[in-house]
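Only one structure is covered here, and it is reproduced in the block below.
The values are calculated or read from the model by the stated rules, or taken from the named source; none is laboratory data. Just so you know, these numbers come straight off a predicted model, no measurement behind them. We place every Cβ from the backbone using ideal geometry, glycine too, and count neighbours over all the protein chains shown.
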Amino acid sequence: MDYVYVDDLYDDVYRTPPPVDKVLQHGDVPEEEFEIREVLDCWYQAGFVPFIEDQLEQINFWQRVDEFKRLTKTLTLLMRCRAYQSAVKRITSQWQSESLEFRYVHYLLHKVSHP
């Protein structure tokens, strides 16, 4: 299939990066990218941000740790599939490389690539 922003399902970089504010449509990128975008968003919003931002309440802290671990395990499991791994590399290429979330996701990518 021909995509607007990607030449191949396994490309690690965009042919032309999609505008950050653009809502992607079917055919813009492989289906795996839509799927992993949802997983990354869930991991970030429900796992990463609550774990990093609010560590004041000890009871909630351990619940957040467990949720972060669970979501990270799901993300890591999916990234073992090369199509998802490539999609994550493309997506994170538009993130700020000095951000903690970028570095952590790339740590996970390295971990699944070099078991």
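What residue, among those in segment 19-43 that are touching a Lys or Arg at 6+ places or on another chain (Cβ under 9 Å) and not hydrophobic (A, V, I, L, M, F, W, C), is farthest from LEU75 (Cα to Cα)? I'd like the intermediate steps shown before the answer.
Restricting attention to segment 19-43, the residues satisfying the condition of being touching a Lys or Arg at 6+ places or on another chain (Cβ under 9 Å) are 24, 28-29, 33.
In the following step, the residues that additionally are not hydrophobic (A, V, I, L, M, F, W, C) were identified as 28, 33.
Working: ASP28: 23, GLU33: 13 Å.
Here the answer is ASP28.
Are any of the residues in segment 3-22 touching a strand residue (DSSP E or B) at 6+ places or on another chain (Cβ under 9 Å) and over 16 Å from SER93 (Cα atoms)? If you could, list the steps in order and put the result at the bottom.
Narrowing segment 3-22 to residues touching a strand residue (DSSP E or B) at 6+ places or on another chain (Cβ under 9 Å): 3-6, 14, 18.
Right, trim to over 16 Å from SER93 (Cα atoms) and you get 3-4.
Within segment 3-22 (the criterion being touching a strand residue (DSSP E or B) at 6+ places or on another chain (Cβ under 9 Å) and over 16 Å from SER93 (Cα atoms)), the answer is yes, since at least one residue qualifies.
Is there any pair linking a residue in segment 27-38 that is among the polar types (S, T, N, Q) to one that is modelled with pLDDT under 95, with Cβ under 6 Å and at least six apart or on different chains, and which?
none
Residues that are assigned to a loop (DSSP other than H, G, I, E, B), surrounded by 17 or more Cβ atoms within 10 Å (Cβ to Cβ) and not small (Gly, Ala, Ser): does segment 49-58 have at least one?
Residues of segment 49-58 assigned to a loop (DSSP other than H, G, I, E, B): 54-57.
Checking which are surrounded by 17 or more Cβ atoms within 10 Å (Cβ to Cβ) leaves us with none.
Scanning segment 49-58 turns up no residue that is assigned to a loop (DSSP other than H, G, I, E, B), surrounded by 17 or more Cβ atoms within 10 Å (Cβ to Cβ) and not small (Gly, Ala, Ser).
Only one of TYR84, TYR10, TYR14 is under 17 Å from the mean Cα position of the chain (by Cα), buried (at least 17 other Cβ atoms within 10 Å of the Cβ) and not in a helix (DSSP H, G or I). Can you tell me which?
Values: TYR84 fails: not in a helix (DSSP H, G or I); TYR10 fails: buried (at least 17 other Cβ atoms within 10 Å of the Cβ).
Exactly one residue qualifies, and that residue is TYR14.
Residues to consider are THR76, THR72; find the one that is at pLDDT 95 or above and touching a Lys or Arg at 6+ places or on another chain (Cβ under 9 Å). Even if it seems obvious, please write down each step before you answer.
Numbers: THR72 fails: touching a Lys or Arg at 6+ places or on another chain (Cβ under 9 Å).
Result of the check over THR76, THR72: THR76.
I'd like to check something: does segment 33-45 contain any residue that is among the acidic types (Asp, Glu), touching a Cys at 6+ places or on another chain (Cβ under 8 Å), within 16 Å of ASP11 (Cβ to Cβ) and surrounded by 15 or more Cβ atoms within 10 Å (Cβ to Cβ)?
Just the residues of segment 33-45 that are among the acidic types (Asp, Glu), to begin with: 33, 35, 38, 41.
Adding the requirement that they be touching a Cys at 6+ places or on another chain (Cβ under 8 Å) leaves none.
Looking through segment 33-45, none of the residues is among the acidic types (Asp, Glu), touching a Cys at 6+ places or on another chain (Cβ under 8 Å), within 16 Å of ASP11 (Cβ to Cβ) and surrounded by 15 or more Cβ atoms within 10 Å (Cβ to Cβ).
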